[in-house]
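Chemist: Input: one structure, supplied below.
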Amino acid sequence: MADQRPGAGTRIIRWIDHRLPFFAMMNHELYEYPTPRNLNYWWNFGSLAGFMLLVMIVTGIFLAMQYTPSASLAFDSVERIMRDVNYGWLIRYAHANGASMFFAIVYIHIFRGLYYGSYKAPRELLWILGVIILVLMIATAFMGYVLPWGQMSYWAATVITSLFSAIPVIGQSIVTFLWGGFTVGDPTLHRFYALHYLLPFIILAVVLLHLIALHRFGSNNPLGIDMKGQQDSIPFHPYYTIKDLFGLTVFLLIYAFFVFYAPNFLGNPDNYIPANPMQTPNHIVPEWYLLPYYAILRSITFSIFGIPAKLLGVLASFGSLFLLLIVPWLDSSPVRSSRFRPIYKWVFWLLVIDVLALGWVGANPPQGIVVTVGQIATFYYYLHFLILLPLLGKIERPHPLPASIAAAVLPGGSGMAAPASLRKS
Amino acid sequence: MGRKLAFGWLAAAAAALSLTVAASAARAQETPPLPHQQWSFDGVFGTYDIAALQRGFQVYKQICSACHPVKHLFFRDLAALDYTPDQIKALAASYKCTAGPNDQGQMYERPCLPSDPIPGPFPNDEAAKAANGGALPPDLSMVVKAREGGPDYVFAILNGFVPAPAGFHVVQGKYYNEYFPGHNISMPPPLSDGAVTFADGTKATVPQMAHDVVTFLSWAAEPNLDTRHRIGARVFLFLIVGVGIFYAAKRKIWAAVH
Ligand code: HEM
């Protein structure tokens, strides 16, 4: 004789939901949340980034239980984690390589947005929140890299904080203030540690805002046209939960490869030498994910209108990042997806090559051809955003947009056949 | 790192390819490219060769330890080289460690214990410099990870003491080394054929001793490599199965919408 009442679990959930509609919210945001049916694998990178943020916080907290943020003990405490703490090597390699994975994912996520025009109305704030996350990540990673207190930690901290001395009049005072002394030292390390612990939680908060903004209008999609009805969408769960899970496992294979088989490949050997203020390394290079900004910084070797080169370099470098904030208003094309933008599609790939070239420039000593390539690439970076983006919308003739997502991706399925050119991928 | 990073970026930026080749060629003029050696710990299934570790430790102990410390190693760590607890205890006891203060407030010397760090040759860096013509013999427990090229580099340094080319100025009190940046190294050639006698009968040639001591120093820098590789293999198997299952599930769930 079957009991017709709902089970105890269901009743508890109902009791809670009546008072705190948490489960209703989750149901709404995950199960009922309509998602375009045609998202490709580039749309996996958002959830991957969220996953990596959690990995960084969890591994970071475990590291923090063993790490000592003092100039005389920091290096040895990291080595103790590597040697004597149970699975300490695993936690530390997961954290150090996790930062690289996190950036790789977020950069792909950003270029995805640039290719499919995901920043365009009504998603401007969603995009801006993303750029803020990137800025916070850079700050977090920079300060994290200082913590092991190796040679590169120390000298990267010195080079980057010294940039603020380029600010006229008060620059030097700002640098002293940042350092908490007259060189990078113990007080610097302590405050960087405090901030390195804090910032990821601020990132987490901005990620929540990012998600709220996302769920307001839902995901963009490879066609860049809005969902117009039921036939265009599918519920997030189970379709995208399983696709994200599959993508996550593939990603974990790559991540695990680095952690277990090439844990120091992305790092700098100099950082296994304890920090030594008396000895400057031959080449001071940041981690790979900061190389393009570093390249722009060093590319400005001349002054303009009496503004010194150093200050211009700092402005150009920070500017390359903050420029992203106004991309929604720089791009004048009403069409989102590059699929329908015959010229922008190529210009996009030129930007990718440009940024990779900047990365290469940042990794090499600024001599000879490296400087020239850096200057051209920096110029092109600004040209892309300030000239090409506004101009292309005016001169480019976009391909006709399909009537709806369903019409384009369901072959004959909803009555309207899509032109053959749209069906590929 | 420059070269390695440049390489990674370049794989994608074909346009810059010719430039890197030019750049690394320019750097190669300084020191020749490192010859790659076979290491038992190379590759995905690599593990340390215990016999080589023991021979390498012997080379370190009898030769390098006159100048270089292994700051991050404790006697107890040597259990990984298959020494028995008694052997480790006896070995530790043959060194003197400073302990204290005792109830008189005095520091005192006592035989080392397995839980002590292996003492270095000098009480501090200044003493080490004073004894080595002003150059500091670096800590060897991290050196393999702290140099571009890792084990190949350290091996090359140990075998790189060749006669200086004609016209090259070797600084007074320094030695010519093919692979050392700038070629003037403050370390006298540490190895010579037959400098140690291996208990297992291995012939103590310079390349043999260098290979063994570098194996030992690689272990000293990365003692968890064996465990890491072993766990990694399991994680990979697990993930590959996971990829298969989730892919099948994805196909099945999506079959209805395509
Ligand atoms: C956005 C998330 C985070 C990023 C991008 C990040 C990045 C980094 C980086 C690049 C390092 C240097 C790794 C190395 O070369 O050794 C580092 C070290 C460290 N991080 Fe984080 N981190 C994040 C979150 C956290 C959190 C939330 C905590 C603590 C709760 C934390 C605690 C530490 C500690 C203690 C170290 C020093 C130990 C070490 O160097 O391995 N991190 N972090």
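Chemist: What is the distance in Å between the Cα centroid of region A:192-225 and that of region A:78-105?
Modeler: Region A:192-225 and region A:78-105 have Cα centres spaced 24 Å from each other.
Chemist: Please report B:H211, A:H196 as a ranked list, fewest other C-beta atoms within 10 angstrom at the top and most at the bottom.
Modeler: In increasing order of surrounding Cβ atoms, one gets A:H196, B:H211.
Chemist: Hey, another quick one. Structure shown: which of A:K228/A:K345; A:K243/B:K250; A:K120/A:K243; A:K345/A:K394; B:K129/B:K174; B:K71/B:K129 lie over 18 Å apart, alpha-carbon to alpha-carbon?
Modeler: From A:K228/A:K345; A:K243/B:K250; A:K120/A:K243; A:K345/A:K394; B:K129/B:K174; B:K71/B:K129, over 18 Å: A:K228/A:K345; A:K120/A:K243.
Chemist: Let me ask something else about it. Would you work out if region A:298-376 is rounded, prolate or oblate? Take a ≥ b ≥ c from the square roots of the eigenvalues of the alpha-carbon gyration tensor; rounded if a/c is under 1.5, else prolate when a/b is larger than b/c, oblate otherwise.
Modeler: oblate
Chemist: Around B:F74, which amide H atoms from residues at least 5 apart in sequence, or from another chain, sit under 5 Å from its own amide H, with H modelled in the peptide plane?
Modeler: B:I118
Chemist: For B:Y247 and B:A127, calculate 0.36 nm times their separation in residues minus their Cα-Cα distance, and state this gained length in nm to one decimal.
Modeler: This chain segment gains 36.9 nm when fully extended.
Chemist: Okay, next question. Mind listing the Cα extents of the protein assembly as shown along all three principal axes, in Å, largest one first?
Modeler: Computed over the Cα atoms, the extents are 87, 85, 50 Å.
Chemist: Further question: Normalising by the residue count of chain B, find the relative contact order in percent from Cα pairs under 8 Å and 6+ residues apart.
Modeler: Working: 300 pairs, mean separation 59.4, N = 258.
Relative CO of chain B lands at 23 percent.
Chemist: If you average the C-alpha positions of region B:65-103 and of region A:336-363 separately, how far apart do those two centres end up, in angstrom?
Modeler: Between the Cα centres of region B:65-103 and region A:336-363 lies a distance of 57 Å.
Chemist: Any idea what angle helix A:8-19 forms with the longest principal axis of chain A, computed on alpha-carbon atoms, 0 to 90 degrees, nearest 10?
Modeler: 70 degrees
Chemist: Highest GNM mean-square fluctuation, chain A, Cα pairs closer than 10 Å: which of A:P274, A:P168, A:P222?
Modeler: A:P168
Chemist: Next question. Nearest 10 degrees is fine. How inclined is helix A:124-146 to the longest principal axis of chain A, computing both from alpha carbons?
Modeler: For helix A:124-146, the angle is close to 30 degrees.
Chemist: Continuing with the same structure: Could you work out which residue, out of A:L252, A:L189, A:L223, moves most in a Gaussian network model of chain A, that is, has the largest mean-square fluctuation with Cα springs under 10 Å?
Modeler: A:L252
Chemist: Could you work out the helix-only [θ] at 222 nm for the protein assembly as shown, with each DSSP H run of four or more residues adding -39,500 (n - 2.57) and the total divided by the number of residues, to the nearest 500 deg cm²/dmol?
Modeler: That calculation yields -17000 deg cm²/dmol at 222 nm.
Chemist: Assign one of three labels to chain B, namely rounded, prolate or oblate, based on the Cα gyration tensor with a ≥ b ≥ c the square roots of its eigenvalues; rounded applies when a/c is under 1.5, prolate when it is not and a/b is larger than b/c, and oblate otherwise. Spell out each step's value before the answer.
Modeler: Details: a/c = 2.18, a/b = 1.28, b/c = 1.71.
Judged from the Cα gyration tensor, chain B comes out oblate (a/c at least 1.5, b/c at or above a/b).
Chemist: With a cap of 16 neighbouring Cβ atoms within 10 Å, and only residues DSSP puts in a loop, list the chymotrypsin sites (Phe, Trp or Tyr not before Pro) found in region A:64-123.
Modeler: Answer by residue number: A:Y87.
Chemist: To the nearest 20 debye, what is the magnitude of the charge dipole of region A:285-397 about its Cα centre, counting +1 on the Cβ of each Lys and Arg and -1 on the Cβ of each Asp and Glu?
Modeler: Values: 8 positive and 4 negative charges, 66 e Å.
So the dipole magnitude of region A:285-397 works out to roughly 320 debye.
Chemist: Could you state the angle between the C-alpha long axis of helix A:236-256 and the longest principal axis of the C-alpha atoms of chain A, as a value from 0 to 90 degrees rounded to the nearest 10?
Modeler: On a 0 to 90 degree scale, this one is about 30.
Chemist: Then there's this: How long is the gain from B:F168 to B:A90 if the chain were fully straight, where each residue apart is worth 0.36 nm and the alpha carbon distance is subtracted?
Modeler: Additional length available on full extension: 23.3 nm.
Chemist: Evaluate the relative contact order of region B:113-257 (contact order divided by residue number), counting alpha-carbon pairs under 8 angstrom at least 6 apart; express in whole percent.
Modeler: Result for region B:113-257 is 19 percent.
Chemist: Quick one: compute the contact order of region A:96-188, relative version, from alpha carbon pairs under 8 angstrom and 6+ residues apart, as a percent.
Modeler: Numbers: 44 pairs, mean separation 11.8, N = 93.
In percent, rounded to a whole number, it is 13.
Chemist: Which of the peptides B:79-85, A:236-242 is most tightly packed, and how do the rest follow, judged by the mean count of other Cβ atoms within 10 Å per residue?
Modeler: A:236-242, B:79-85
Chemist: Would you order B:H68, B:H36 from fewest to most other beta-carbon atoms within 10 Å of each residue's own beta-carbon?
Modeler: B:H36, B:H68
Chemist: To the nearest 20 debye, what charge dipole does chain A have about its Cα centre, counting +1 at the Cβ of each Lys and Arg and -1 at the Cβ of each Asp and Glu? Present the calculation step by step, with values, prior to reporting the outcome.
Modeler: On the way: 25 positive and 17 negative charges, 213 e Å.
Using only the charged Cβ atoms, the result is roughly 1020 debye.
Throughout, read-outs are computed from the coordinates displayed, never taken from laboratory work. Because the structure is predicted, anything quoted here is derived from the model rather than measured. Every residue, glycine as well, gets a Cβ built from its backbone with ideal geometry; the counts of neighbours run over all protein chains shown.
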